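The values are calculated or read from the model by the stated rules, or taken from the named source; none is laboratory data. Since this is a predicted model, take the numbers as computed values, not measurements. We place every Cβ from the backbone using ideal geometry, glycine too, and count neighbours over all the protein chains shown.
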């Protein structure tokens, strides 16, 4: 239970603060149209991720008896998390990623997140397996993982919108980059355990 909550915390905060198309849109909308518009973009994962989660769980539950397949998925997930950690360590300044953005922020955010490969990769190789394993041990743990993950994901992006609206300089400051570095280190640890678990399943 505690492990699932901590996983939701780390993955959620990492996804929430990490640079990417959705984060760039949060910042762009905030700078051009105010904090409220940026906050609307931050809510996009609540809409786009649900069908992705359902499809991922449908696929994964049909593979629960195939240790080799699950091992390969776990290793791929570990490599993907390692890639996310690397991205945190080398994160560019987010104000350099902002582009033109119009109002209708929620629709823009949904489109940006739905067209990004990250949610699909995450839920199929990382988040989905966590939910499946957690459900087999304690269903409440899986629900807690989802609640904590989305609270941290959306909350981090909303916080970014609020701080950006109040102080634009923080994006290139030490605090933000320190947060990314710490989360990158935690992601690297999770990547190691995912790869180790996958290797163990391959030799089960």
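Structure data summary
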{"read-out": "Members of the range 69-83 found to be modelled with pLDDT under 80, crowded, with 22+ Cβ neighbours inside 10 Å and over 15 Å from residue 117 (Cα atoms), listed by number", "value": "73, 74"}
{"read-out": "The one condition in (1) closer than 22 Å to residue 154 by Cα; (2) under 20 Å from the mean Cα position of the chain (by Cα) that residue 32 fails to fulfil", "value": "(2)"}
{"read-out": "Test result for residue 161, in contact with a helix residue (DSSP H, G or I) (Cβ under 6 Å, 6 or more places away or on another chain) and more than 27 Å from residue 47 (Cβ to Cβ)", "value": "no"}
{"read-out": "Failed condition for residue 95, given (1) within 21 Å of residue 154 (Cα to Cα); (2) at pLDDT 75 or above; (3) surrounded by fewer than 21 Cβ atoms within 10 Å (Cβ to Cβ)", "value": "(2)"}
{"read-out": "The range 1-19, residues that are buried (at least 20 other Cβ atoms within 10 Å of the Cβ) and either part of a loop (DSSP other than H, G, I, E, B) or in contact with a strand residue (DSSP E or B) (Cβ under 8 Å, 6 or more places away or on another chain) (or both)", "value": "18"}
